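First, the structure itself, so that you have it in front of you.
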Amino acid sequence: MTEFLQHLVNGLSVGTIYALIALGYTMVYGVLKLINFAHGDVYMVGAFSGLYLARGLGVDQSPSLFKALLVFFGSIVVCAALGVIIERFAYRPLRHQPRLTALITAIGVSFLLEYGFQLPPVTQGSVPFPPGPTPRFFPEPFPRVDYAPFGVHVSNYDMVSLAVAVGLMFLLQFIVYRTKFGTAMRAVSFDSSVAGLMGINVNRVISWTFALGSGLAAAAALLVAGSRPTINPLMGLMPGIKAFVAAVFGGIGNVPGAMVGGLVLGLAEEYVAGYALSSYRDGIAFAMLILVLLLRPAGLFGRVRAEKV
Amino acid sequence: MEQVKLALRSALPFLIALPVLWGVSEVLRYYEFTSFQYILMMAFIDVILAVSLNVINGFTGQFSIGHAGFMAIGAYTAAKITLAARGLEIIGLPPGISDQVIFLLALLAGMCTASIAGFLVGMPSLRLRGDYLAIVTLGFNEIIRVVIENTSFLGQATGLSGLPRRTTLVWVGMGAMATILMARRLVGSTHGRALLAIREDEVAAEAMGVNTTGYKVRAFVISAAFAGLAGGLLVHLIQLCTPRSFTFVKSIEVVVMVVLGGMGSITGSVIAAFVLRFGVEALREAQQYRMVLYSMLLIVLMLTRPTGLFGTREIWDWLPRLRRNRAEGGAR
Amino acid sequence: MSAENVTPVLEARKVTMQFGGLKALSEFELELRPRELVGLIGPNGAGKTTAFNAITGVYAPSAGDVLVAGERVNGLRPHVICQRGIARTFQNIRLFKDLTALDNVRVACHHRRAAGFTAAFFRTTGYLEDERSIRRRAEEYLAVMGLSHRRDELARNLPYGEQRRLEIARALATGPKLLCLDEPAAGMNASEKVSLLELIRKIRDDFGLAILLIEHDMRVVMGVSERLVVLDHGKTISRGSPEKVRNDPKVIEAYLGDAYLAEKHISVPGEGA
């Protein structure tokens, strides 16, 4: 029973992270019908910008809550800006090209970030830029406390992370379904050219969607970096792909679907790896992806759209 | 008599290539251009990979980014066979010849297993549109890697070492030749036109009696078989078979070649494979910049010239005699 | 031999297509005998193309049966239905744009070949024979549609009217017993329409096909069709000889209603055509 609960806790904490990243995939897919391959790497950039900010503010010497919040929101802003820039320069020029063209570009952007961050440093300092391939330690903004109710190990980091992630998801839900911007976003997602005719500034909506998704990825990265404190330029690869699986599982383009998908994937990984095939952890997501696409290609909450002939 | 002439004509490119390749490799050996020969062999392997991927990505208009997975399957099959057959001799054949025959059998076995994998991946992927398919092939690539790393029979993460060096310039040259001929004869045949029709308009192709799913699976099977061949050749060149050679970074490298050359152009794939391989070797000191350059190349190409260097054109489009030949589907 | 005991080329029995809450086609009935030329008409959005899609397998009918030469084909894939002898064209031209005119037609000859892929790789006699006959046939169909001079041009570079004709050539090349033409004369002027319809009638006579023709313009289709079926809002509102249909009050209402609306909203751009 203890083991079961422990897996539940671990699964939820991984799952919420997947969910946060998956939201970025799903929103961008919604408005652009593009799989933003570079999304996992935006998540990585989020972790690194957090690291630079933390070092700059001296979090490791004198941690404080204020600095932690500054690091948190600072990296969200950095990543939101990065997302907007990527969209503006890499995807927007290709919006009317075949979708494959944009997908290939996205793969290019992803690799550029991954390998660009592994280049030899051009600046000096405690953490040079680019940081190079060696893993870095993320400073702890507050002391770690472990609790063990009923023998289940939970740290204060896990709790904060879970709370923040859930809070952000509620916030997003509110933005998407209760605000003017959310309405515009859903309109663009439904039919961007008609939305444009209705006076919606499609480009601005798309930019903001990227900003929102990338910001969530940065938040996810910091929540992860807090509790599992090594980061490296390839750290976005696996979570990125898995979050994509989560988005597909929930029905890509569907916001609540991405959340459910993330949680389901996190729990599935934790339980399958914990009870049966520990070394196959990374394969579970792909097995799940292939099963979903076979059995229900539109995902849990998605709807199949027939092609008009 | 007519039959013999036809058979000769169909095998002619191989009959010419064999002595030429042998001659080149002897000359290179005599002057001890070992590293040049090595790079040349790697380039030929890249040609096999790029041209075979072009069958899926260029001709059929699907998008696979998991080519290295098929490569791995072919490589491990071939490696296992040559390792098991070490010290074995086929009765009645001199040792040198016997080794070559075993190697050939190992490569063919690798092609078979890879094409079975191609079938298995192709089947469920049929219903998926471009971008989903891309992710599934990538996922398949990763699953292969995870499985290999967890299978002691396949040497786990360390891989299989102590492979005999069987790959020569003649082998890779003939492999590349076979791949190019396969692609060319395919695209000039009615089957190839069915693939092109799928690329152009899947709904219309289906309405014109083309079994689109069947042809997509066939494209995967053929393409995977040749990727398996490339894998078998590669591991018997570097004498080591590890999962690290077949990560999806390798798959992306092949995609870059196809995209650079032009999706749908065999000529483009061949040239891009050579350019990138020799370019990489020229930048050997700058290895760490390689992937950055690849990624920038991809982005810039897509933004400025999404058709690649050649688009769907071929070198033989400019050669009148060959062009007629192609238009006739090889028929006179 | 009376018409009754000839197996119909196509039979649609109470075919219904439902998309969500929308019945795009309800209880569609049609029987086509060999060499018949039937027109399917109706105002915009009446369900004509939906009927085509249900017949040719693009959609599986929600209810009812489609029979080709007496055999049920519901739910079969379009390429199988094509091989059973039904060919079609598309309302919004769907050629293989980056292939030549000849290759467009050759693709349609594809399913009647014999040699396999290995034969193509080794270029066996059987394969070469196949390729030759495919080419011969393809050129014949191009010639029938008057496109021989465009043989080696890319489909995307052909003028509009020739693209329409190339689509018909391509459909013919599948060797159909029934040819379904979805507004083949759309976007043409009156005299072009007349000559195209003459050509269609000639194709029917020369190849001995049944033809099902969707047309928007009633006057044009009256001239060539032997029978008409009129759809409106997915329902069959009239059927029979052109004279009968022309005087059917329901048809007049459907069309006049349309025209009346068009008149009222005369300033709405993009209507009509």
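The values are calculated or read from the model by the stated rules, or taken from the named source; none is laboratory data. Keep in mind that what you see is a predicted model, and the values were worked out from it rather than measured. Neighbour counts run over all protein chains shown; Cβ positions are idealised from the backbone, glycine included.
Do you know which residues across the stretch C:75-89 are at negative phi, touching a residue at least 40 places away in the same chain (Cβ under 8 Å), more than 7 Å from chain B (Cβ to nearest Cβ) and not β-branched (Val, Ile, Thr)?
The one that is at negative phi, touching a residue at least 40 places away in the same chain (Cβ under 8 Å), more than 7 Å from chain B (Cβ to nearest Cβ) and not β-branched (Val, Ile, Thr): C:ALA87.
If a residue has to be assigned to a loop (DSSP other than H, G, I, E, B) and in contact (Cβ under 8 Å) with a residue 40 or more places away in the chain to count, how many in the stretch A:144-168 make the cut?
Within the stretch A:144-168, the subset assigned to a loop (DSSP other than H, G, I, E, B) is A:144-145, A:148, A:152-153.
Still in the running and in contact (Cβ under 8 Å) with a residue 40 or more places away in the chain: A:152-153.
So the count comes out to 2.
Would you check if A:ASN36 is under 24 Å from A:ALA285 (Cα atoms), at pLDDT 85 or above and within 14 Å of chain B (Cβ to nearest Cβ)? I'd like the intermediate steps shown before the answer.
Working: under 24 Å from A:ALA285 (Cα atoms): yes; at pLDDT 85 or above: yes; within 14 Å of chain B (Cβ to nearest Cβ): yes.
Against the criterion (under 24 Å from A:ALA285 (Cα atoms), at pLDDT 85 or above and within 14 Å of chain B (Cβ to nearest Cβ)), A:ASN36 qualifies.
With respect to the numbered conditions (1) out of contact with any Leu (no Cβ under 9 Å at 6 or more places or on another chain); (2) without any contact (Cβ under 8 Å) to a residue 40 or more places away in the chain, which one is the sole condition not fulfilled by B:ASN150?
It is condition (1) that B:ASN150 fails.
From the residues in the stretch A:112-122 that are within 19 Å of the chain's Cα centre (by Cα) and more than 8 Å from chain B (Cβ to nearest Cβ), which one is farthest from A:GLY236 (Cα to Cα)?
Checked the stretch A:112-122; the qualifying residue farthest from A:GLY236 (Cα to Cα) is A:PHE117.
Select, from B:GLY110, B:GLY87, the only residue that is surrounded by 17 or more Cβ atoms within 10 Å (Cβ to Cβ) and either away from every other protein chain (no Cβ under 14 Å) or modelled with pLDDT of 90 or more (or both).
Working: B:GLY87 fails: surrounded by 17 or more Cβ atoms within 10 Å (Cβ to Cβ).
Within the list B:GLY110, B:GLY87, the selection yields B:GLY110.
So, B:LEU196, is that one at the interface with another protein chain (Cβ under 10 Å from one of its Cβ atoms), assigned to a helix (DSSP H, G or I), touching a residue at least 40 places away in the same chain (Cβ under 8 Å) and within 20 Å of B:ALA17 (Cα to Cα) or not?
Numbers: at the interface with another protein chain (Cβ under 10 Å from one of its Cβ atoms): yes; assigned to a helix (DSSP H, G or I): yes; touching a residue at least 40 places away in the same chain (Cβ under 8 Å): yes; within 20 Å of B:ALA17 (Cα to Cα): no.
No.
Would you point out which residue out of B:VAL254, B:VAL249, B:VAL292 is over 30 Å from B:ILE81 (Cβ atoms) and either touching a Gly at 6+ places or on another chain (Cβ under 9 Å) or among the aliphatic types (A, V, I, L, M) (or both)?
Details: B:VAL254 fails: over 30 Å from B:ILE81 (Cβ atoms); B:VAL249 fails: over 30 Å from B:ILE81 (Cβ atoms).
When all the criteria are applied, what remains is B:VAL292.
Give me a count of the residues in the stretch C:58-68 that are under 17 Å from the mean Cα position of the chain (by Cα) and either more than 8 Å from chain B (Cβ to nearest Cβ) or within 23 Å of C:ALA155 (Cα to Cα) (or both). Walk me through how you get there before you give the answer.
First pass over the stretch C:58-68, keeping only residues under 17 Å from the mean Cα position of the chain (by Cα): C:58-59, C:66-68.
Then drop every residue that is not either more than 8 Å from chain B (Cβ to nearest Cβ) or within 23 Å of C:ALA155 (Cα to Cα) (or both), which leaves C:59, C:66-68.
The qualifying residues number 4.
Further, regarding this structure: Mind checking which residues of the stretch A:237-251 are closer than 20 Å to A:LEU168 by Cα and within 14 Å of the chain's Cα centre (by Cα)?
Residues satisfying the conditions are A:PRO239, A:GLY240, A:LYS242, A:ALA243, A:PHE244, A:ALA246, A:ALA247.
Which residue, of C:THR118, C:THR124, C:THR100, C:THR89, is more than 30 Å from B:PRO13 (Cβ to Cβ) and not acidic (Asp, Glu)?
Values: C:THR118 fails: more than 30 Å from B:PRO13 (Cβ to Cβ); C:THR124 fails: more than 30 Å from B:PRO13 (Cβ to Cβ); C:THR100 fails: more than 30 Å from B:PRO13 (Cβ to Cβ).
Matching residue, one of C:THR118, C:THR124, C:THR100, C:THR89: C:THR89.
Working only within the stretch C:1-17, note down all residues that are over 15 Å from C:ILE86 (Cβ atoms) and surrounded by 15 or more Cβ atoms within 10 Å (Cβ to Cβ). Before the answer, list the steps.
First, the residues of the stretch C:1-17 that are over 15 Å from C:ILE86 (Cβ atoms): C:1-6, C:13-14, C:16-17.
Within the stretch C:1-17, C:ARG13, C:THR16, C:MET17 qualify.
Let me ask something else about it. Of all residues in the stretch B:21-41, count the ones that are assigned to a helix (DSSP H, G or I) and surrounded by 13 or more Cβ atoms within 10 Å (Cβ to Cβ).
Pass one, the stretch B:21-41, residues assigned to a helix (DSSP H, G or I): B:21-30, B:34-41.
So of that shortlist, the ones also surrounded by 13 or more Cβ atoms within 10 Å (Cβ to Cβ) come out as B:21-22, B:24-25, B:28-29, B:36-41.
Counting residues in the stretch B:21-41 that are assigned to a helix (DSSP H, G or I) and surrounded by 13 or more Cβ atoms within 10 Å (Cβ to Cβ) gives 12.
Next up: Every residue in the stretch B:291-312 that is at pLDDT below 85, surrounded by fewer than 18 Cβ atoms within 10 Å (Cβ to Cβ) and facing chain A (nearest Cβ under 8 Å), please.
none
If you take the residues in the stretch C:103-123 that are surrounded by fewer than 23 Cβ atoms within 10 Å (Cβ to Cβ) and more than 7 Å from chain B (Cβ to nearest Cβ), which one is modelled with the lowest pLDDT?
Selected residue: C:ALA114.
Can you pull out every residue in the stretch C:140-152 that is closer than 10 Å to C:ALA169 by Cα and in a helix (DSSP H, G or I)?
Step one: list which residues in the stretch C:140-152 are closer than 10 Å to C:ALA169 by Cα, which gives C:140-147.
Residues satisfying the conditions are C:GLU140, C:TYR141, C:LEU142, C:ALA143, C:VAL144.
While we're on this one: Go over the candidates C:SER238, C:SER225 one by one and state the one that is free of Cβ contacts under 8 Å to residues at least 60 places away in the same chain and farther than 19 Å from C:ILE93 by Cα. Talk me through it step by step, then tell me what you get.
Values: C:SER225 fails: free of Cβ contacts under 8 Å to residues at least 60 places away in the same chain.
From the options C:SER238, C:SER225, the qualifying one is C:SER238.
With respect to the numbered conditions (1) in a loop (DSSP other than H, G, I, E, B); (2) facing chain B (nearest Cβ under 8 Å), which one is the sole condition not fulfilled by C:ARG135?
Here C:ARG135 clears every test but (1).
Hey, which of the strands (runs of 3 or more DSSP E) in the stretch C:200-261, taking only ones fully inside, have at least 2 residues that are more than 28 Å from C:LEU172 (Cβ to Cβ)? Break it down stepwise before answering.
Working: elements: C:210-215, C:227-232, C:235-240.
So the answer is C:235-240.
Right, B:PHE70: aromatic (Phe, Trp, Tyr) and in contact with a Gly (Cβ under 6 Å, 6 or more places away or on another chain) or not?
Judged against the criteria, B:PHE70 is a match.
Next up: Examine the stretch C:157-174 for a residue that is at pLDDT 90 or above, over 21 Å from C:ASP103 (Cα atoms) and not in a helix (DSSP H, G or I), and state whether such a residue exists.
So far as the stretch C:157-174 goes, no, none of its residues is at pLDDT 90 or above, over 21 Å from C:ASP103 (Cα atoms) and not in a helix (DSSP H, G or I).
Does at least one position in the stretch A:23-36 carry a residue that is part of a helix (DSSP H, G or I) and touching a Pro at 6+ places or on another chain (Cβ under 6 Å)? Can you show your working first?
So the first thing to find is which residues in the stretch A:23-36 are part of a helix (DSSP H, G or I), and the list is A:23-32.
Still in the list and also touching a Pro at 6+ places or on another chain (Cβ under 6 Å): none.
No; the residues of the stretch A:23-36 include none that is part of a helix (DSSP H, G or I) and touching a Pro at 6+ places or on another chain (Cβ under 6 Å).
Can you tell me which of (1) touching a Gly at 6+ places or on another chain (Cβ under 7 Å); (2) closer than 23 Å to C:LEU231 by Cα; (3) part of a loop (DSSP other than H, G, I, E, B) is the one C:ALA24 doesn't meet?
Among (1) touching a Gly at 6+ places or on another chain (Cβ under 7 Å); (2) closer than 23 Å to C:LEU231 by Cα; (3) part of a loop (DSSP other than H, G, I, E, B), the lone unmet condition for C:ALA24 is (3).
May I ask you to list the residues in the stretch C:80-101 that are over 15 Å from the mean Cα position of the chain (by Cα), assigned to a helix (DSSP H, G or I) and surrounded by 23 or more Cβ atoms within 10 Å (Cβ to Cβ)?
Within the stretch C:80-101, just C:ALA101 meets the criteria.
Of the residues that sit in the stretch A:83-111 and are more than 7 Å from chain B (Cβ to nearest Cβ) and among the aromatic types (Phe, Trp, Tyr), which one is nearest to the chain's Cα centre (by Cα)? Break it down into steps so the answer makes sense when it comes.
Residues of the stretch A:83-111 more than 7 Å from chain B (Cβ to nearest Cβ): A:83-89, A:91-92, A:95-96, A:98, A:102, A:106, A:110.
In the following step, the residues that additionally are among the aromatic types (Phe, Trp, Tyr) were identified as A:89, A:91.
Working: A:PHE89: 21, A:TYR91: 19 Å.
Restricting to residues being more than 7 Å from chain B (Cβ to nearest Cβ) and among the aromatic types (Phe, Trp, Tyr), the top hit is A:TYR91.
Follow-up question, since we're still on this one. Which one is farthest from B:VAL270 (Cα to Cα) among residues in the stretch B:169-186 that are among the β-branched types (Val, Ile, Thr) and either at the interface with chain C (Cβ under 9 Å from one of its Cβ atoms) or buried (at least 23 other Cβ atoms within 10 Å of the Cβ) (or both)? Spell out how you get there, then give the answer.
Initial filter on the stretch B:169-186 (among the β-branched types (Val, Ile, Thr)): B:170, B:172, B:179-180.
Those left that are additionally either at the interface with chain C (Cβ under 9 Å from one of its Cβ atoms) or buried (at least 23 other Cβ atoms within 10 Å of the Cβ) (or both): B:172, B:179.
On the way: B:VAL172: 13, B:THR179: 11 Å.
Checking each candidate, the answer is B:VAL172.
Scan the stretch A:274-287 residue by residue and report those that are assigned to a helix (DSSP H, G or I) and out of contact with any Asp or Glu (no Cβ under 9 Å at 6 or more places or on another chain). Outline the logic, then answer.
Restricting attention to the stretch A:274-287, the residues satisfying the condition of being assigned to a helix (DSSP H, G or I) are A:274-275, A:278-287.
Result: A:SER278, A:TYR280, A:ALA287.
For the stretch A:278-296, which residues satisfy the criterion of being more than 7 Å from chain B (Cβ to nearest Cβ), more than 20 Å from A:ASN10 (Cβ to Cβ) and surrounded by fewer than 19 Cβ atoms within 10 Å (Cβ to Cβ)?
Within the stretch A:278-296, A:LEU291, A:LEU295, A:ARG296 qualify.
Further question on the same structure: Would you pick out the residues in the stretch B:63-109 that are in contact with a helix residue (DSSP H, G or I) (Cβ under 6 Å, 6 or more places away or on another chain), more than 30 Å from B:TYR132 (Cβ to Cβ) and not in a helix (DSSP H, G or I)?
B:ALA85, B:GLU89, B:ILE90
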